[in-house]
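The structure appears below as structure tokens.
The values are calculated or read from the model by the stated rules, or taken from the named source; none is laboratory data. Since this is a predicted model, take the numbers as computed values, not measurements. Because the Cβ atoms are built from the backbone with ideal geometry, glycine has one as well, and the counts that use them run over all protein chains shown. Heavy atoms of the whole protein, side chains included, go into the accessibility calculation; ligands, DNA and RNA do not. Shrake-Rupley method; radii C 1.70, N 1.55, O 1.52, S 1.80 Å.
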Amino acid sequence: MIPRQMRSVWFVLACAVLALLVVFLVWPLFNLLSASVATVKGTNQSGWATFLAEAKYRDALFNTLLLGAIVTAASTVIGVSLAYLTARFDFPFKALIAMLPLTTLIVPEVIAAQTWLMMLGNNGLITTLLGSAGIPLPSFYGWPGLVIVMTFIYYTYVYIGTLAAIRGFDVQLEEAAQSLGTSPATSRLKVMVPVVMPAILATSLLVFTLVVGNFAVATILGHKVQLLSVLTYLSFVSEVGADPVMQSTLASASIGIVAVVLFLQRWIVARKRYEIVQGRGARATTLKGLPAIALAAAALVVVVVSVLPLVTVVAGAFTHTRGPVMYWGQFSLASIERVFVNAPDPIINTLLYASTATMIGIVLSVIASYVVVKKRNVLTPAIDYLIMLPMAISGTVLGIGLVMTFNTGWLAMTSTAAIIVVAYVVRRLPFGVRNASSTLYNIPNSIEEASISLGVPPLASFFKVILPLMAPAIGAAAVLTWTTTVSELSASVVVYSAGRETTPIQIFRLIDTGLNGRASAYGLALVVMILVPIFIAVKFFKLELFTAK
Amino acid sequence: MARISIEGLSVSFGGARVIDGLQLEIPRGAFFTLLGPSGCGKTTLLRAIAGFIEPDAGSLRFDDQDMTRVPAHRRGIGMVFQDYALFPDKTVFDNVAYGLRARKLEPAVIKAKVGTYLERVGMSGFDARFPAALSGGQRQRVALARALVIEPQVLLMDEPLSNLDAKLRVQIRESISDLQREVGITTVFVTHDQEEALALSDRIALMNEGRIEQIGAPESIYTAPATAFVADFIGAANLIEADVLGPGPLPRQAVLRLDGRELVVFADGPVTAGKALLAARPEDLRLAAPDAATPNALPGTIERRRYLGFKVSYRVRLPGGRVLAVDLHGQAKEPYAEGQSVSVVFDPRASILVTR
């Protein structure tokens with residue numbers, strides 16, 4: 001007799017999800033990893049031997065690790081201090097800081113890099129202003145740009161993670177420490193810091209992996225600084241297929257780094273998770289006078305710098321330009337017209353691919369999370385693991401794997417729109433699944449059983465009872481998936497073909513040629529595509545986008 | 001309304017046997033309680049009857065229909081869950097109408113039936129409320145109406161009172177009992193609370209480690225526990241190791257030796273000489289002045305006295321070192337003091353030989 005769990009419709013769906021994951025994730029990764037041990041063309045050594053032999057690659061490895069360390073440290077300092085200050089103190093403009101997590105969501109990396117260049121690049125507004133005043137600025141390209149831009153993108157991750165941990169901390173522990181004779185400051189140091197530390201470490205390490213995998217900022221601002229992600233991409237595009245071994249080796253190297261870091265993260269989280277049994281959150285102290293002004297000013301600086309890309313991109317879109325030169329202060333609709341009237345294809349492509357990917361992704365997320373959380377069977381541990389795997393792979397790496405795998409053969413998809421959609425779906429699946437599962441854990445099994453006991457078959461019970469309860473989470477997941485998919489660059493730029501440019505790809509190409517006016521106009525389009533669904537979701541459907549994190 | 005027959009039922013989870021070859025017959029219309037400590041398999045058995053768990057072996061019948069392989073939604077059961085399991089996005093009316101709509105009844109019929117059952121559970125007028133706007137007791141009443149409105153063959157209740165506070169528990173318990181008698185439905189009720197089981201049930205099956213230790217009416221389970229486990233689980237019992245000498249002067253009696261004295265006790269089975277366990281409830285023991293002539297008594301010393309209002313609890317140490325709990329109810333004329341010597345008197349009808 002076939003066991004009951006294998007006769008259910010959920011087992012069939014679990015099989016389908018697993019099959020999709022194997023074809024579109026495991027297989028490409030396998031191809032990528034196995035190619036890295038082959039012999040490099042024109043030499044007689046393997047990819048790994050070349051990697052270790054050539055200075056270019058060793059530099060890239062070193063620079064990548066160094067950049068990761070610097071950005072992680074800087075993001076942690078900013079993120080943790082902001083989190084601590086907002087959790088424990090009240091000061092003017094504090095409400096603005098609460099909006100910071102939004103900025104990372106609505107400012108795509110490519111726009112962040114572009115707008116920083118428009119301000120501080122060689123022809124940047126601030127650079128020229130200060131230059132004409134006799135103050136020459138050092139070049140923004142290379143280390144300064146990489147560190148500043150990445151830090152201001154990634155510190156929000158640390159901020160969100162740390163804030164949650166500090167808010168969850170029970171102040172009674174601090175009071176207990178004081179009652180035992182330590183001073184308030186020492187108590188905080190000895191009691192709160194160890195409890196909050198795992199959350200800080202976990203998010204810091206996440207930032208490290210994101211820096212290692214970062215493509216947009218690294219490519220646009222890296223200039224002469226060799227970085228793994230840039231070299232990986234370049235070895236792929238230089239002459240497509242000319243150096244498949246090297247691209248695999250470089251991709252595998254970044255997979256290796258991220259794998260080690262993620263392993264470290266899991267180890268820390270598993271070993272050092274303290275349970276706060278019951279908590280009384282700290283009451284925020286209201287600051288007055290100089291400290292309040294100082295804090296408000298510091299917070300404002302962070303907020304302004306974080307929001308600056310948005311302002312710049314809007315301004316840039318309406319500024320008169322000639323070639324790469326921006327005539328700041330001179331209003332013009334030329335860029336807008338060029339983009340929206342003459343060349344709207346990237347926008348249309350984005351809408352088409354991202355909406356398809358979001359729909360597929362959400363259906364898959366709901367099925368996968370339901371199977372993993374509620375209908376466990378022999379397959380679900382594999383699904384559970386594989387579905388989170390894309391978090392550990394950079395977009396560039398995933399894209400190269402997909403191209404290598406679906407270039408030829410029974411499922412040739414290269415130069416179709418399908419491969420872009422596949423890349424989107426696979427990359428964003430972890431977010432959708434995480435969102436959907438978090439609500440599922442809160443829906444007791446008895447709800448579904450109650451429906452079954454009242455005579456409704458299991459699958460119908462799912463649609464009638466469970467799905468309506470998941471609806472808000474599905475809505476939030478859909479909006480988040482959409483916003484992150486619309487701005488996806490690193491995988492799509494690898495798998496796209498001529499005529500299928502998406503908006504971020506087009507922006508990326510325009511920055512390369514220095515056409516910042518048009519890039520800004522596309523940037524504006526992108527921000528609108530991101531903001532409209534968020535606005536509708538929050539305003540009309542009362543979705544809570546930032547609680548399910 | 002159906003009779004439930006279970007034969008040779010076995011259930012295992014991941015290789016561990018949770019229920020092992022269980023036999024059970026639940027009469028039509030009975031209020032039947034599965035009682036036992038957590039992990040004894042009572043909820044598993046209930047869920048197997050509901051069809052949420054598939055047994056490895058054995059059969060389950062409602063009257064003459066074989067239900068062993070029938071999926072849960074076609075068994076015609078009504079189920080009440082510990083956490084109420086009301087659909088949070090549906091109103092009280094829609095919750096109760098849910099099963100009727102699944103049966104494709106006419107809207108007018110649905111309306112009438114929902115009204116009737118909401119009235120029966122005392123929840124008329126709450127139709128438009130959402131579960132979140134109800135108290136725990138109200139939620140459980142709605143859950144009960146929802147389970148009963150489909151007129152199921154059997155009603156299954158999984159610790160339905162355990163999330164309620166003590167006062168409400170008694171109140172809802174009474175409603176459940178009244179309603180069950182009124183509807184006359186075969187009911188299987190799972191609980192770990194012995195008072196609940198005693199108060200509600202026609203019959204109780206006391207379960208332990210996936211087996212049934214004893215089935216019987218509340219009185220017989222309480223007064224004639226068959227095993228040490230039953231004696232200890234229901235009420236409190238002094239369990240004393242003793243040497244059985246042989247049958248007693250009357251039928252269903254045994255004589256045993258304890259601390260050098262001979263005691264006549266109740267024995268509900270064949271009596272063989274040797275070691276045995278004696279179960280005696282604290283409230284079935286009496287205290288008397290120390291007198292070697294007192295029949296059926298053991299000498300002892302009061303070690304601790306606790307005044308509890310409606311009773312006084314004594315801890316009495318026997319010369320052999322054993323400690324007995326003795327409860328005296330009402331106004332004990334002579335409150336025994338700590339350190340005082342006494343005789344502990346055993347009632348031959350209420351001191352019982354049990355198997356281990």
Problem - Selected residue (criterion: nearest to residue A:483 (Cα to Cα)) from residues of region A:499-532 that are surrounded by fewer than 18 Cβ atoms within 10 Å (Cβ to Cβ) and at pLDDT 85 or above - result: A:531
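Restricting attention to strands (runs of 3 or more DSSP E) lying wholly within region B:1-92, give those where 3 or more residues are more than 10 Å from chain A (Cβ to nearest Cβ).
Details: elements: B:4-13, B:16-26, B:31-35, B:57-62, B:77-80.
Counting at least 3 such residues, we get B:4-13, B:16-26, B:31-35, B:57-62.
Please work out if residue A:350 is closer than 18 Å to residue A:493 by Cα and β-branched (Val, Ile, Thr). Walk me through how you get there before you give the answer.
Values: closer than 18 Å to residue A:493 by Cα: yes; β-branched (Val, Ile, Thr): yes.
In short, yes.
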Fill in the blank from the handout: Scanning region A:35-85 residue by residue, those without any contact (Cβ under 8 Å) to a residue 60 or more places away in the chain and under 19 Å from residue A:400 (Cα atoms) turn out to be A:37
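Taking the stated definitions as given, is residue A:171 more than 32 Å from the chain's Cα centre (by Cα), open to solvent by 10 Å² or more (accessible area, probe 1.4 Å) and more than 19 Å from residue A:491 (Cα to Cα)?
Values: more than 32 Å from the chain's Cα centre (by Cα): yes; open to solvent by 10 Å² or more (accessible area, probe 1.4 Å): yes; more than 19 Å from residue A:491 (Cα to Cα): yes.
For residue A:171, the condition - more than 32 Å from the chain's Cα centre (by Cα), open to solvent by 10 Å² or more (accessible area, probe 1.4 Å) and more than 19 Å from residue A:491 (Cα to Cα) - is met.
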Practice task
Kindly provide the set of residues from region B:190-211 that are in contact (Cβ under 8 Å) with a residue 40 or more places away in the chain, more than 23 Å from residue B:28 (Cα to Cα) and open to solvent by 60 Å² or more (accessible area, probe 1.4 Å), ordered by number.
Solution key: B:192, B:209
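Listed here are the residues, each with its yes/no results for (1) open to solvent by less than 30 Å² (accessible area, probe 1.4 Å); (2) under 22 Å from residue A:383 (Cα atoms); (3) within 14 Å of chain B (Cβ to nearest Cβ); (4) part of a helix (DSSP H, G or I).
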position: A:410; (1), (2), (3), (4): no, no, no, no
position: A:418; (1), (2), (3), (4): no, no, no, yes
position: A:422; (1), (2), (3), (4): yes, yes, no, yes
position: A:431; (1), (2), (3), (4): no, yes, no, yes
position: A:435; (1), (2), (3), (4): yes, yes, no, yes
position: A:443; (1), (2), (3), (4): yes, yes, yes, no
position: A:452; (1), (2), (3), (4): yes, no, yes, yes
Handout entry: strands (runs of 3 or more DSSP E) fully within region B:254-354 counting 1 or more residues that are in contact with a His (Cβ under 9 Å, 6 or more places away or on another chain) and farther than 18 Å from residue B:240 by Cβ
Key = B:311-317
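Per-residue answers, yes or no, for (1) closer than 20 Å to residue B:169 by Cα; (2) polar (S, T, N, Q):
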residue: B:44; (1), (2): no, yes
residue: B:61; (1), (2): no, no
residue: B:64; (1), (2): no, no
residue: B:87; (1), (2): no, no
residue: B:129; (1), (2): no, no
residue: B:141; (1), (2): yes, no
Completion exercise
residue B:223 meets each of (1) among the hydroxyl-bearing types (Ser, Thr, Tyr); (2) under 18 Å from residue B:347 (Cβ atoms); (3) modelled with pLDDT under 85 with one exception, condition (3)
Completion exercise
Among residues of region A:459-479 being within 13 Å of chain B (Cβ to nearest Cβ) and of a type outside the set (A, V, I, L, M), the residue farthest from residue A:10 (Cα to Cα) is A:472
Problem - Verdict on residue B:242 being aliphatic (A, V, I, L, M) and either at pLDDT below 85 or within 30 Å of residue B:32 (Cβ to Cβ) (or both) - result: no
Problem - Residue check for residue A:369: within 13 Å of another protein chain (Cβ to nearest Cβ), polar (S, T, N, Q) and surrounded by 23 or more Cβ atoms within 10 Å (Cβ to Cβ) - result: no
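Looking only at region B:93-110, which residues are in contact (Cβ under 8 Å) with a residue 12 or more places away in the chain, more than 8 Å from every other protein chain (Cβ to nearest Cβ) and either open to solvent by less than 30 Å² (accessible area, probe 1.4 Å) or charged (D, E, K, R) (or both)?
Of region B:93-110, the ones in contact (Cβ under 8 Å) with a residue 12 or more places away in the chain are B:93, B:95-100, B:103, B:110.
Of the ones still in play, those that are also more than 8 Å from every other protein chain (Cβ to nearest Cβ) are B:93, B:95-97, B:100, B:110.
Matches in region B:93-110: B:95, B:96, B:97, B:100, B:110.
Residues are listed down the side, and each one gets a yes or a no for (1) in contact with an Asp or Glu (Cβ under 6 Å, 6 or more places away or on another chain); (2) open to solvent by less than 10 Å² (accessible area, probe 1.4 Å); (3) polar (S, T, N, Q):
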position	(1), (2), (3)
A:50	no, yes, yes
A:61	no, no, no
A:67	no, yes, no
A:89	no, no, no
A:98	no, no, no
A:125	no, no, no
A:128	no, no, yes
Fill in the blank from the handout: Of the residues in region B:120-147 that are without any contact (Cβ under 8 Å) to a residue 24 or more places away in the chain and either more than 25 Å from residue B:158 (Cβ to Cβ) or touching a strand residue (DSSP E or B) at 6+ places or on another chain (Cβ under 8 Å) (or both), the one that is surrounded by the most Cβ atoms within 10 Å (Cβ to Cβ) is B:124
Completion exercise
By residue number, the members of region B:311-340 that are of a type in the set (S, T, N, Q) and surrounded by 12 or more Cβ atoms within 10 Å (Cβ to Cβ) are B:313, B:340
